[in-house]
Amino acid sequence: MTMRTRPLGTTGPQVSALGLGCMGMSALYGEADRTESIATVHAALEAGVTLLDTGDFYAMGHNEMLIGEALRTAPAARREQALVSVKFGALRGPDGSWLGYDGRPAAVKSFAAYSLQRLGVDHIDVYRIARLDPDVPIEETVGAIADLVEKGYVRHIGLSEVGAATIRRAAATAPVSDLQIEYSLISRGIEDEVLPTVRELGIGITAYGVLSRGLISGHFTADRQLGAGDFRAMSPRFQGDNLRHNLNLVEALRKIAEQKGVSVAQIAIAWVLSRGEDIVPLVGARRRDRLTEALGALEVTLEPADLAAIEEAVPAGAAAGDRYPAAQMAHLES
């Protein structure tokens, strides 16, 4: 397979049509195998994946160090093709607690210094605050990233989980390559206002949660026991009647996938790919077999009849439950 590419907006780089979201290799989905995680990053690079996504607060720096190790041990040609996207700003306590967000210019530059060291790189390809700091104007936060761009420490400015008005203010401050935001068959809130806004401004989308944290992967079952520290144990969509309802949607999707001769995960990822060349799905594969399955979505062509069947099986707004617990939903300006 020859990896296709897509642009991150009109000002960003060309990247692989699928990116690799690396958070689960360190945090929030139970224990991960470090050796397998690094092998998965290497396999992704070998397959032509160029975009690696992380956050400096994923297991308090662990994920950045993991990616740094994966890059150091990858063949030189593969290492040089990698583009790293970093989210910053989330404050953590020693016990793993969440303490808010910091978008002050001095903090932005301090966060970047530590990320560069942990990743072992001389620049970050795309840099973005993970959630809007309500106490700091977005112009100040983006302006600080723009200073880092000018000095060569950052290549492109990104945004994450912000609404249309903030997107406009940020884009008026400095060129913005892309908005990272959740988008999947069962998380379609961006379609009303956010997606038209970024398209008007020439800003790309990096879509995370395209399998809704495994919920619509076709692999999740109602009797699955979630380990300690697994975010899904607290996620509304994975609870009780919500879970049963949502898994019924998955079974409806499975029928369409089987008719196409593909997996549920592949048809769900292919649906996101079909939404526009300005959208780059991030797949959160932690193992090589899951990565191989996800990459297979690039070979899936959805005809108009397929898309109509998917819409009928999983219409917009069909999911039961919010995508985060209430306390975390409060931080989503989007």
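The values are calculated or read from the model by the stated rules, or taken from the named source; none is laboratory data. Fair warning: this is a prediction, and the values are worked out from it, not measured in the lab. Don't worry about glycine lacking a Cβ; one is built from the backbone with ideal geometry, like all the others, and counts go over all protein chains shown. Quick note on the areas: whole protein, heavy atoms, side chains included, nothing else; ligands and nucleic acids left out. Shrake-Rupley method; radii C 1.70, N 1.55, O 1.52, S 1.80 Å.
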Task: Difference of contour (0.36 nm per residue) and Cα-Cα distance, M1 to S110 - done: 35.2 nm
Task: DSSP beta bridges in segment 6-113 [antiparallel fraction, %, rounded to 5] - done: 35
Task: Modelled FRET efficiency - R0 22 Å, T292 with D241, Cβ distances, 0.05 increments - done: 0.05
Open item on the list: Testing the spin-label approximation: label points 7 Å from Cα along Cα→Cβ at M65 and Q117. State their distance in nm.
Closed with: 1.2
TODO: Work out, step by step, the length gained on full extension between E277 and T35: first 0.36 nm times the residue separation, then minus their alpha carbon distance; give nm to one decimal.
DONE: 83.8 nm
Open item on the list: 7 Å from Cα along Cα→Cβ at both R199 and A316: what's the point-to-point distance in nm?
Closed with: 1.1
- [ ] Heavy atoms only, probe 1.4 angstrom, no DNA, RNA or ligands counted: give me Y183, Y153 ranked by accessible area, highest first.
- [x] Y153, Y183
Open item on the list: If I compute solvent accessible area with a 1.4 Å probe over the protein chains, what percent of it on the chain is carbon and sulfur?
Closed with: 51
TODO: Just the number, please: percent antiparallel of the DSSP beta bridges in the chain, rounded to the nearest 5.
DONE: 20
TODO: Can you tell me the FRET efficiency between R72 and E140 if r is taken as the Cβ-Cβ distance and R0 is 51 Å, rounded to the nearest 0.05?
DONE: 0.90
Task: Heavy-atom surface of segment 116-195, accessible at 1.4 Å and reported per residue (Å²) - done: 37
TODO: Work out the length of the dipole vector of segment 72-146 about its Cα centre, built from +1 on the beta-carbon of each Lys and Arg and -1 on the beta-carbon of each Asp and Glu, and round it to the nearest 20 debye.
DONE: 360
TODO: Among S97, V149, V41, pick out the residue whose Cα is farthest towards the positive end of the charge dipole of the chain, where Lys and Arg carry +1 and Asp and Glu carry -1 on C-beta, about the Cα centre.
DONE: V41
- [ ] Kindly express, to the nearest 10 degrees and within the range 0 to 90, the angle between helix 34-46's C-alpha long axis and the longest C-alpha principal axis of the chain.
- [x] 90
Open item on the list: Using DSSP to call loops (not H, G, I, E or B), can you name the GluC sites (Glu not before Pro) in segment 117-188 whose Cβ has at most 11 other Cβ atoms within 10 angstrom?
Closed with: none
